[in-house]
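Participant: This is the structure I have questions about; it appears just below.
The numbers here are math on the coordinates, done by the rules we state, and not lab data. Being a predicted model, the structure only gives us computed values, none of them experimental. FYI the Cβ positions are ideal-geometry reconstructions off the backbone, even for glycines, and counts take in every protein chain you see.
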Amino acid sequence: MPENLVTLRVFNSEVEAELAKGQLEGSGIPAYIFKDGCGNMYPNLQLARGIELKVQAVDESQAQDILRVYTLNVVTDEDDDGAYEVINQETMMINEAKNLAKKAFFLLIISIGTVPGLITLPIAFTQSRQALELINRTKSASTLLKAGIWTIIMLSGFMTIVYLVIAMMSFMKKYSGF
């Protein structure tokens, strides 16, 4: 594997990453996918870190241009007349941020009152942070969307701390007579 790899994009699904990789390799730029799924034993680990598409540092600007053109030409939206229009990159980032925030909120709700809270809460925190990073790169995101994402970040972070404190107290009670 070549040295000096840089992360070009982080995707939520392996399919999206493979499509982008194929577009880059079809243009003559070698691309590599990095994912953490413990050999597909725990594919849910990819929720926390995402799937990274990497290229050599010397190819980064050309690869960004290729993906920008590819993204703008492939992603379309059907309007009321049945005609398709190209969605611009900012709208795509906002939509991706909304999807990340929905996933994070879902994980937050699931974790309330369940044992896997220590697993799902950090994932919700990470996904909401990724959503906020996307929103901060756009100019037309609504304040309400930003506030909602910040709320998920704060709640998931606070609840993670609460879970950890409860776990530590029960451990201390059990083993030290606290």
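Participant: What trypsin sites (Lys or Arg not before Pro) does the stretch 120-178 have in DSSP loop regions with at most 14 other beta carbons within 10 Å?
Facilitator: Listed in order of number, the matching sites are ARG137, LYS139.
Participant: Mind listing the long-range amide H neighbours of LEU8? Cut-off is under 5 Å, sequence gap 5 or more, other chains count too, H placed in the peptide plane at 1.01 Å from N.
Facilitator: LEU53, LYS54, VAL55
Participant: Right, here's the next one. I'd like the Karplus ³J(HN,Hα) series for the stretch 124-136: coefficients 6.51, -1.76, 1.60, θ = phi - 60°, whole numbers in Hz, and an x wherever there's a Gly or Pro.
Facilitator: 4, 4, 5, 5, 5, 5, 4, 4, 5, 4, 5, 4, 5
Participant: Net charge within 14 Å of ALA101 by Cβ-Cβ distance, Lys/Arg positive one each and Asp/Glu negative one each, not counting ALA101 itself?
Facilitator: +3
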